[in-house]
Amino acid sequence: MKEFSADRLERLLDTVLKPARYTGGEMNAVCKPFSDADVTFAFCFPDSYEVGMSHLGIKILYDIINRRPWALCERVFMPWPDMADGMRRENLPLFSIESRTPLRQFDIVGFTLQYEMCYTNILEMLDLADIPLFSRDRTDGPLIIAGGPCAYNPEPLAPFIDAFQIGDGEELMVEFIECVRACKAEGLSRLETLRRLAKLDGVYVPAFYQETYNEDGTLASFTPTDPVAPARVRRRVVLDLDKAAYPESFVVPYTEAVFDRITLEIMRGCTRGCRFCQAGMLYRPVRERSLETLLKQADSLERSTGYEEISLSSLSSGDYTHLTELVCALTERYADKKVSVSLPSMRLDSIVKPSLEEAQKIRKSGLTLAPEAGTQRLRDVINKGVTEDDLVRAVTDAFESGWSTVKLYFMIGLPTETDEDLEGIGHLAQDVIGAYFSVPKNVRARGLRVTCSASSFVPKPFTPFQWFGQDTHDQIVEKQTKLRDILHKVKGVNFNYHESELSMLEACFARGDRRMGDVLYAAWKNGCRMDGWSEFLNYEGWLKAFDDCGLDPAFYANRSRGEHELLPWDFIDAGVTRAFLWREWQRAQRGEVTPDCRKGCQGCGLKRFEGVCVDR
């Protein structure tokens, strides 16, 4: 058993990159007496400190738990490989940032699942903590739980996680820790505690379900084995964001984070219906925070953090009803302090020129736009709902408002994609350059920079494209080569793309069943960790893991699904119905567009949740 030693830790910190990742003591961190808490919670982010400290969800839940006088929440991040190796060498257990308490001493160890390629990090963190990796092997110690968008297909992690939280966490987390507190007070066993938790809406306990498979490897059945386990687990939805908990302060890191700024979540959900977008389906319905609430939150966070940038966060910021009023109010409010406002997640057809002009008054920044596809035909297939004219208008407004740096995001490997669609990306890049030079010299900013980024499409659960077979590695490489040649001919455009190997693995876990847990364990044993970082990706280790487990990655990533095939995540009620998603998949193949549901209900299924879906 590993024992924590402050002396050994200090020696180790002298040898690693960025020791500030592990020292704690940051401004606004919450430090409570560990022994005084009825329930202790280790919030684990399975990626580096810099990435984790940029995530809004950890800030919200950290605040919610620590507001309770009887509860304690501390943070834990995936150590960088030099630190992880050093901890093994020094026989140090993984510990929390705030109090340096080993993970195994907490009541609950919770992982947020933001990205499939962080899964090996979960196993690495449990192993560093001296916690058995498989839930079946744990007879005592902390409950291992998980939540977040990837939890909507929990099956690849089912062998390792005791309980999953499905849906919005603000209310569910409070009920969860209150339940654990009561179970501790009653002296209940681990099994009985899990049985009590399984009765909570939005909680899935994998041990209480059994799966079987057909001869062809497809899923044959998935059934509860305990009376407390519901046949379907229904996601939790927070209806009123004005009443939802939100931090008055953020922990401010000593070392640089990916996003060092105030994040204001102005709305949650999206009604646009892009068929590739999992978040757009999972976070329905649209819920907005009021202007009054947002200004109050901004004041609290500006005072408590000292940040000089406020980012307006949502899936589609331009759809926020009071966007121009909000940007103008924030800009005026903090002009003397030189606090700028940034507008991420802007759709081409919702950009408001006054908002752009206000956002540029304090600090110049880049503008990111996502046409996604190069032709109108393919944009109709994916139901993007924007046109080439929208792009030209948006960038022209931006150039007239002082922008000179534009990033364009595309996906390759989308359903029905052809070479013509790839060529269309080059045409759109040329349109952007043309729009810049159409603005008078005395108006536009100098130094045009246009970057086109192309990610490989990954089919995700609870989207109309969940049935689509991903392009093979060779097909993606061929398309990347073609697109690189096309954009090379467009002067002044930089081109970035993601490695196709990573996208294939992502698809395997996104659409995987419980057998992917065997692959995950084998890959971790082969030394795979930090897979989301290109310098650490061990693709050969992953291929060997599939081979050792007798599974073919093409079965998960490249195989199309039929209408009646039982999918590993079908037992989760995410709000949108399977019938709606299948209908959208058929419309996609015909190139038919589905209108924004705010213009009339499209029958996605959310009206089954009383009081949730309201036409606007």
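The values are calculated or read from the model by the stated rules, or taken from the named source; none is laboratory data. Just so it is clear, the model here is predicted, and its values are computed rather than measured. Here the Cβ positions follow ideal geometry from the backbone for every residue, glycine too, while neighbour counts run over all protein chains shown. Surface accessibility is based on the protein's heavy atoms, side chains included, excluding ligands, DNA and RNA. Shrake-Rupley method; radii C 1.70, N 1.55, O 1.52, S 1.80 Å.
Remarks
- Residue in region 406-420 that is of a type in the set (Gly, Ala, Ser), touching a Cys at 6+ places or on another chain (Cβ under 6 Å) and open to solvent by less than 10 Å² (accessible area, probe 1.4 Å) present: no
- Yes/no for Asp485 being open to solvent by less than 20 Å² (accessible area, probe 1.4 Å), assigned to a helix (DSSP H, G or I) and either closer than 30 Å to Ala554 by Cβ or not acidic (Asp, Glu) (or both): no
- Tally of residues being within 30 Å of Pro154 (Cα to Cα) and touching a residue at least 24 places away in the same chain (Cβ under 8 Å) across region 432-476: 23
- Those helices (runs of 4 or more DSSP H) lying entirely in region 24-134 with at least 1 residues farther than 22 Å from Gly517 by Cα: 49-52, 56-67, 81-89
- Only residues that are closer than 20 Å to Ile433 by Cβ and either within 22 Å of the chain's Cα centre (by Cα) or open to solvent by 50 Å² or more (accessible area, probe 1.4 Å) (or both) were counted in region 377-391, giving 3.
- When each of Arg190, Arg234 is tested for being touching a Gly at 6+ places or on another chain (Cβ under 8 Å), open to solvent by 20 Å² or more (accessible area, probe 1.4 Å) and not aromatic (Phe, Trp, Tyr), the lone residue that passes is Arg234.
- Within region 1-18, considering residues that are more than 23 Å from Gly306 (Cβ to Cβ) and within 29 Å of the chain's Cα centre (by Cα), the one surrounded by the fewest Cβ atoms within 10 Å (Cβ to Cβ): Leu17
- Test: residue in region 430-444 that is among the aromatic types (Phe, Trp, Tyr), in contact with a helix residue (DSSP H, G or I) (Cβ under 7 Å, 6 or more places away or on another chain) and either at pLDDT below 95 or not in a loop (DSSP other than H, G, I, E, B) (or both): yes
- Candidates Gly527, Gly532, Gly562 - the one that is assigned to a loop (DSSP other than H, G, I, E, B) and at pLDDT below 95: Gly532
- Condition check for Pro415 on (1) within 19 Å of Val493 (Cβ to Cβ); (2) in contact (Cβ under 8 Å) with a residue 60 or more places away in the chain: one failure, at (1).
- Residue within region 168-178 that is over 27 Å from the mean Cα position of the chain (by Cα), of a type outside the set (Lys, Arg) and surrounded by fewer than 17 Cβ atoms within 10 Å (Cβ to Cβ) present: no
- Whichever residue in region 507-546 is without any contact (Cβ under 8 Å) to a residue 24 or more places away in the chain and basic (Lys, Arg) and, among such residues, is surrounded by the fewest Cβ atoms within 10 Å (Cβ to Cβ): Lys525
- Filter result for the condition that a residue is under 19 Å from Glu215 (Cα atoms), among the aromatic types (Phe, Trp, Tyr) and either at pLDDT below 95 or not in a loop (DSSP other than H, G, I, E, B) (or both), over Phe509, Phe555, Phe580: Phe555
- Test: Ser54 is out of contact with any His (no Cβ under 6 Å at 6 or more places or on another chain), open to solvent by 30 Å² or more (accessible area, probe 1.4 Å) and among the polar types (S, T, N, Q): no
- Looking across region 239-286, the residues that are of a type outside the set (A, V, I, L, M, F, W, C), surrounded by 16 or more Cβ atoms within 10 Å (Cβ to Cβ) and over 21 Å from Asp63 (Cα atoms) come down to Gly269, Thr271, Arg272, Gly273, Arg275, Gln278, Gly280, Tyr283, Arg284, Pro285.
- Taking region 189-296 and the strands (runs of 3 or more DSSP E) fully enclosed by it, the elements with 2 or more residues that are more than 29 Å from Tyr49 (Cα to Cα) are at 209-213, 219-224.
- Considered as a group, the residues in region 301-312 that are open to solvent by 20 Å² or more (accessible area, probe 1.4 Å) and not acidic (Asp, Glu) include one that is farthest from the chain's Cα centre (by Cα), and that residue is Arg303.
- Count of region 193-231 residues, restricted to those that are among the acidic types (Asp, Glu), open to solvent by 70 Å² or more (accessible area, probe 1.4 Å) and within 29 Å of Glu178 (Cβ to Cβ), is 1.
- Among the residues of this structure, Pro154 does not count as one that is under 24 Å from Asp127 (Cα atoms) and either of a type in the set (S, T, N, Q) or touching a helix residue (DSSP H, G or I) at 6+ places or on another chain (Cβ under 6 Å) (or both).
- Remark: pairs (first residue in region 94-117, more than 16 Å from Tyr49 (Cα to Cα) and in contact (Cβ under 8 Å) with a residue 12 or more places away in the chain; second residue of a type in the set (Val, Ile, Thr) and assigned to a loop (DSSP other than H, G, I, E, B); Cβ separation under 6 Å; 6+ apart in sequence or on different chains) = Arg104/Ile131.
- Residue pairs meeting the criteria (Cβ under 9 Å; at least 6 apart or on separate chains; first in contact (Cβ under 8 Å) with a residue 12 or more places away in the chain, in region 586-599; second among the aromatic types (Phe, Trp, Tyr) and surrounded by 13 or more Cβ atoms within 10 Å (Cβ to Cβ)): Ala588/Phe465; Ala588/Phe468
- Condition met for Glu423 (at pLDDT below 95 and more than 27 Å from the chain's Cα centre (by Cα)): no
- Every condition in (1) within 24 Å of Ala370 (Cα to Cα); (2) assigned to a helix (DSSP H, G or I); (3) open to solvent by less than 30 Å² (accessible area, probe 1.4 Å) is met by Thr324 except one, and the failing one is (3).
- Meets criteria (farther than 17 Å from Pro253 by Cα and out of contact with any helix residue (DSSP H, G or I) (no Cβ under 8 Å at 6 or more places or on another chain)) for Pro33: yes
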